[in-house]
Each structure stands twice: as C-alpha cells, then as structure tokens.
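Okay, structure first, notes after.
The values are calculated or read from the model by the stated rules, or taken from the named source; none is laboratory data. Since the structure is predicted, the reported quantities are computational estimates derived from the model, not experimental observations. Cβ placement follows ideal geometry from the backbone for every residue including glycine, while neighbour counts extend to all protein chains displayed. Ligands, DNA and RNA are stripped out before the accessible areas are found, and what is left, the full protein with its side chains, is counted by its heavy atoms. Shrake-Rupley method; radii C 1.70, N 1.55, O 1.52, S 1.80 Å.
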Amino acid sequence: MTTHAATVWRPSEQARADSRLARYMAWVSDRQGERFATYGDLWSWSVRCPDLFWESIWDYFDIRSEERYDAVLADRSMPGARWFAGATLNYAEHALRDRRHAEPALVEVDERGFRRELSWDDLAAAVGSAGAWLREQGIGRGDVVAAYMPNRVETVIAYLACASVGATWASCSLELSPAAAHDRLDQLAPAVLLAGNGYPYGGRVHDRRDAVAELIGSLSGEPLLVVVEHEELGPPAGVDGQRWEAVAGSPREPEFERVPFAHPLCVLFSSGTTGKPKGIVHGHGGLLLDHLRHHALHLDLGPHDTFSFFTNTSWMVWNWLVAGLLVGSTVVLYDGSPTHPQLDSQFALAARERVTVMGTSASYVTACAKAGLAPGRDHDLDALRALVITGSPLPAASYHWVADSVGAGVWPVSSSGGTDVCSAFVSGCPLLPVRAGEIQCRCLGAGVEVFDEAGRAVVGEVGELVITTPLPSMPVAFWGDGDGSAYRATYFEDFPGVWRHGDLARLSEEGSVRILGRSDATLNRNGVRVGTAEIYEVLDAIPEVRDSLVVGVDEAGGGYWMPLFVVLHEDAQPNDGIEGRIAAALRASASPRHVPDEVRRMAALPRTLTGKRLEVPIKRILMGLPPGEVISREAVSEPQTLDEFAALARERHAAVAARRR
C-alpha cells in the first residue's frame, strides 16, 4: 500500500470544471461513448487505445493537413511505429494560425531591464519575411538552419521561418564554446548559421564575436552567416555575413510548406556523455500533437495565459517554451542570469510581466527555499497560478516552500521527460491534488511503467522508468544513424520493444510518480544537461591530469553536487593551483556549467577491467549505496578506491544532515 506525503495543493471545484482537460474529457467521452469518471480512467484508455486517443487529439485541436491520413497508427512496434501516414502539415502554421491581432505574442526581457514586445501580427510578418529570404537562398526540404543564439525574439522568428519552408532547425546557446557548438552543428552541415554577437550574463556583456568567427570558420559546407547584433559591439571581424534586418525586415504574409507527418522539424542534441552529442531528430507532426496535448491538457495553458520558462537555446525547454504559441499564450523570453541581480529575479520578472504560468528548474526552486526567500510576500504574484518545475527531481521540502512562500493557490507542476521526446512523460494534472515529492500523473498517451531488473512492472518499488506504448514524439531518428542501430541501442536494448528512459522512479498505486534521479551518467547543472565526454576532452589536454572522473549526485534535501575526481602525475605539488586551472579550462573550452563544484585529488580511480570509467557505480556509491551492492570488486581495477568513495559519501551525508539540523 502506498503511503502519501502531505497534500500541498488541491484544485477548486470551479477550477477543475473550467480546465481544458475537463472540457476535453467531456468531449471525448461523448465521442467514444465511454464514460471517463476519473483521470485514471482517461489515462488507461489513452494507452490502451493509442490510435483512438491520438486521433482525438488531432480532431480536438483541429489539425490542418493538406491530405487526410491513411491510418492513425499503421505500425505499433517500437521502434518503428508509423503515425498518420499520408498526412501533410506544418508546425509553424499551427503556431501562427488564426492569430492575427495586435496583442503580444512574444515579450523579450533581459537581465538589464531591456524589454520589447512583438505582436501576433508582427511575428507573422517577420516569419513571412525570413521565410521568403530562406526560399530566395534556395533553402527548403533537406537543408538545416542552425542558430548560435541567445533566447531572443530573432531566434523564435528564425525557428518558425525555418519550419515554414520545410527546412530543419538546430540551435546552440551562445555561451557554448565554439568547439562544443562545432561538435553539435558540424555533423548537420548547416546551410545557414544565425549568430548573435554577444549576450548579457551576471552583470556584464559577453562579447562573442570571436567565437562566432571561429565557429563559422570551422563548419563544413560554408554556411551562409546571418548576424544578429543584440549588443553594441558590431559584427564579427573577418567574416562575411548578412545582417538580420535584411533577412526579416520586409514584412509579408508567411507561406507554409506542408510536409509529411514525420518530416524533420528540428534536431536536439544528447548530452555527449559517451562521445560527441547525438543529433535527435524530431518530426513536425509528433511535436505538434505532443505539445498541444501537454500544454493545453497538462498545463491548462491557453490564449489568456502569459507563459515564461527560464532556459537557453540548447535545452529542449526552449522548444517547449516556444510551443506556448500553439495554444495562443503570450510567451516571455528571458536572456541573462536567472539570479542577477538577486536570487529571486525570476519571480520579480513574473510579477512585472503578470506571468500566469512560470517555468524554472528544480535547483532554482530549491536554492530559493534554502535562502529563505518569500517571493509571494516580496512581489505581486497575484497573476501566477502555476509554477512548472523540471530539470531534476524536486524534493518534498521545496513543494512545501512553494505553498508557504510563493502562494497557497499556486499550482506546483513538477514535470519530467527529456530531450529524447522534447516533452514530458509525467507531469501536471489540473484535476488532481499535488502531494509533496510526487509528480501528479502519467501523461495522456504515455504508457509509463516502472520495471525491475527482470523487466517486470512494479508498483511502490524503485525501478527503471519505461514507456510501453509508442508516442508520436519519439524521435524520427538519430542524425547519421542510417540503420537505426544507435537508436535501438539507446532505448530498446535492455527491454526489447519497450523504451528505457534512464530514470530511476517509483510509481504509486494511484498513478503518481517519484523520480529518483538518473540511472545513467548524464550530469544536470541547473536544469541543463552536461555531457561528461565534453569535460574529459578538456581534461585530456591538461598535462598534469592523468585520469579523471566526474559525476552528479542528487543529495537529500534537494542539493546537487558535481565533484570532479582527478589523478595527477607524480610530480604534482599540493599548492600548484591545478584546481583553478582546471576550472578555467573548462569554462573557456566548454561553458561555465561544465565547471565542477569541487576538484578532489585521488591516488587512483577505479575502472572496469576493459578500461571504462565507472561513472554510474560511483554516483550510486556517493548516493549512499554500499559498494558491494553496486559493482563486483572482481570486475574493477583498483577496487580499494571504492571504499574511499564510500567514506566520502558518509562524510557528505553527515555534513548535509548537520546543516539541516
């Protein structure tokens, strides 16, 4: 029997009745001739009959298609499911349709207080202009438009313009080093690169002109460069580029190329844990249906909402934020540090912009709670009705903090999914209560289960989070993975025909979910995934470093600790400053998020007998599991070091407990 934590939020009867989910539930009940008395009834039907469920989403949201589809789900196998074969549509068309008016579609704000609005009319006109320019350059199906950009209006315009002509989009945050951006973008051979010249962060402007020049010079295929001069720095020197004003400065009605359901809309990138980041290809139709389903039904977003989410353009949450346009919401774009000039700056922004649904990372919420902040007291958050939290597990104490210090009426929506589907598997439900430490529900259409090591579905036990039914938003492919072998190995190797996501989870009897952290080695800094391979690549270039291991540990109370363990050469001196040089190298060659919380010197590091790093076992030991339950000593070189990590775990846990007292 499941024992629940305290309830921290409960919808009013009026809010339940007025929610978009309640209206959809009544509509689909009439349509199917089947009574769905509870959300659990509706969820069960949605995964038992995925073809009927996703067809209902298509019809309920009035998807526009050039051709009627032949079948909703021609093949239910995983991988290999084929959705809405024969249909032709366009993601950008649905983001802009039926919304030609002067109300704001986008609001852009940066940390210095700069602000501008773009109306629905002006957004459509700018997308039309940029789309026409792309067509004039011969850009269309089969081409890639890449961005090395901050979270600005121009980035959204370019994304929608790219989609409108049937080209494929990929973006990297401007803070990434040129080498890290190259590892992602060069594999796509982009035809166009959109690049900014700088961005504000932490109280100063970061000049990225040299980084842009380095990146454009390293990309194969000689892409056309379009420069967006956000800062008063001028364009990059020594490279030819088109100014943004010449691309999007001639307003015109947009035209939309309707493409097959699975036609590539965008490429998102894996973290690079086991090598260069993999390009995850997402289709127009899959993301369109998924984003409508999630934002309208699970977040209750609509035309009367203002939607913000702190993100950069490398994170899937950026695409998720822009998806607010699909349901008619005003989308707030923020560029800068989330904690400048003070920790509660995101809440200050929400107050100024009258945000109704605010998104942020679990680490940010936890940091605010630890600092004893009370945003509901210090800012006018009367408009705020939901706080969407993702990126890592949210501790129970932080749920209570939202209720006590943000607002008792604010709905805390903890959500978990990933870049892999550019959406969520488990998320909010406006019909259900929220209990501290639990995600409310499994998303409609998502056959979420928890498997033990034998592949048996379990309830009330910790296991692997899996998906047992196909989703339209599952990747079309991995870029360059011609035979699909890398795709299959990533998700379907452990449980054939079932998607293993890489999260440890516990499912309650009522269908709520607790995410207990990643079961693989992916790092997660402030809601942004960081690949260990990128860190090792930098360390390999530092002569004093002989071996290294980096892990990320979710700690009790909501902390996240990312230590780096290094083995130095014998002539290293205790006070040689290597720790500072490592941090500087990571910041310069990758990004500030790649810098560890601390660097610890070790005499040796364990590896498998075939020489592989033991990231996952060491992470689990540092989470408090006994070494003998994690890995066999016989399978490890330098097995005595496992005891050193266990001792460090005890030391850390004791220190955390002391701080909490």
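Numbers below:
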read-out: Per residue value of the accessible surface for the stretch 66-184 (all protein chains in place, 1.4 Å probe), Å²; value: 31 Å²
read-out: Sites matching trypsin sites (Lys or Arg not before Pro) across the stretch 1-110 that sit in DSSP coil, with at most 10 neighbouring C-beta atoms within 10 Å; value: 35, 68
read-out: Relative packing of 460-470, 479-489, which averages over residues the other C-beta atoms within 10 Å, highest first; value: 460-470, 479-489
read-out: Potential lengthening between residue 205 and residue 246 on full extension [0.36 nm per residue; Cα-Cα distance subtracted]; value: 12.3 nm
read-out: Residue-level accessible surface for residue 311, protein heavy atoms, 1.4 Å, Å²; value: 10 Å²
read-out: Helical segments meeting 20 Å axial Cα length and Kyte-Doolittle 1.0 threshold in the chain (DSSP H); value: none
read-out: Whole-Å semi-axes of the stretch 544-621's equivalent ellipsoid (Cα gyration tensor); value: 21, 18, 12
read-out: Solvent-accessible surface (1.4 angstrom probe) belonging to residue 278, in square angstrom, nearest 10; value: 60 Å²
read-out: Contact order relative to length of the chain, as percent, for alpha carbon pairs under 8 angstrom and 6 or more apart; value: 13 percent
read-out: Accessible area of the stretch 207-334 divided out per residue, in Å², using a probe of 1.4 angstrom; value: 34 Å²
read-out: Length added when fully stretched, residue 255-residue 348, from 0.36 nm per residue minus Cα-Cα; value: 29.7 nm
read-out: Cα-based shape type of the stretch 1-119, given that a ≥ b ≥ c are square roots of the gyration tensor eigenvalues and the cut on a/c is 1.5; value: oblate
read-out: Within the accessible area of the chain (1.4 Å probe), percent carbon and sulfur; value: 48 percent
read-out: Accessible area in the full protein assembly, largest first, 1.4 Å probe, for 315, 499; value: 315, 499
read-out: Residues residue 542 and residue 456, FRET efficiency given R0 of 56 Å [Cβ-Cβ distance, rounded to 0.05]; value: 0.75
read-out: Solvent-accessible area of residue 653 with every protein chain in place, 1.4 Å probe, in Å² to the nearest 10; value: 80 Å²
read-out: Added length on full extension, which subtracts the Cα-Cα distance from 0.36 nm per residue, residue 378 to residue 616; value: 81.5 nm
read-out: Inter-label distance for residue 16 and residue 633, nm, one decimal - labels placed 7 Å from Cα along Cα-to-Cβ; value: 5.7 nm
read-out: Centroid-to-centroid separation of the stretch 560-632 and the stretch 126-200 [C-alpha atoms, Å]; value: 35 Å
read-out: Whole-Å semi-axes of the stretch 167-237's equivalent ellipsoid (Cα gyration tensor); value: 21, 12, 11
read-out: Antiparallel bridge percentage (DSSP; both residues within the stretch 67-174; nearest 5); value: 55 percent
read-out: Globularity ratio of the stretch 412-566, using Cα Rg and 2.2 N^0.38 Å; value: 1.16
read-out: Spin-label model distance (nm) - residue 569 vs residue 625, 7 Å beyond Cα toward Cβ; value: 3.7 nm
read-out: Charge dipole magnitude, Cβ of K and R +1, D and E -1 - the stretch 460-578, Cα centre, debye nearest 20; value: 460 debye
read-out: Anisotropy class of the stretch 579-661 from Cα gyration tensor, a/c 1.5 cut; value: oblate
read-out: Solvent-accessible ranking of 582, 216, largest area first, probe 1.4 Å; value: 216, 582
read-out: Listed values [x] 44, 37, 25; [y] 36, 32, 26; [z] 116, 34, 17, entry calculated as semi-axes √(5λ) of the Cα gyration tensor in Å; value: [y]
read-out: Kirkwood hydrodynamic radius (C-alpha pairs) into Stokes-Einstein, the stretch 48-89, 25 °C and 0.890 mPa s, D in µm²/s; value: 230 µm²/s
read-out: In nm, spacing of pseudo-spin labels at residue 65 and residue 23 (7 Å Cα→C-beta vector); value: 2.4 nm
read-out: Mean Cβ count within 10 Å, highest first, over the residues of peptides 38-45, 626-633; value: 38-45, 626-633
read-out: Mean separation of Cα contacts under 8 Å (6+ apart) over length of the stretch 187-245, as relative contact order %; value: 40 percent
read-out: Sequence of 27, 411 from largest to smallest accessible area, 1.4 Å probe; value: 27, 411
read-out: Sequence ranges 536-549, 229-242, ranked by mean other-Cβ count within 10 angstrom, highest first; value: 536-549, 229-242
read-out: Ellipticity estimate at 222 nm from DSSP helix runs (n ≥ 4, -39,500 (n - 2.57)) divided over the chain, nearest 500; value: -8500 deg cm²/dmol
read-out: Charge dipole (the stretch 1-154, unit charges on Cβ, about Cα centre) - positive-most of 131, 60, 118; value: 60
read-out: log10 of Debye I(q)/I(0), alpha-carbon scatterers only, for the stretch 56-214 at 0.14, 0.16, 0.19 Å⁻¹; value: -0.89, -1.07, -1.25
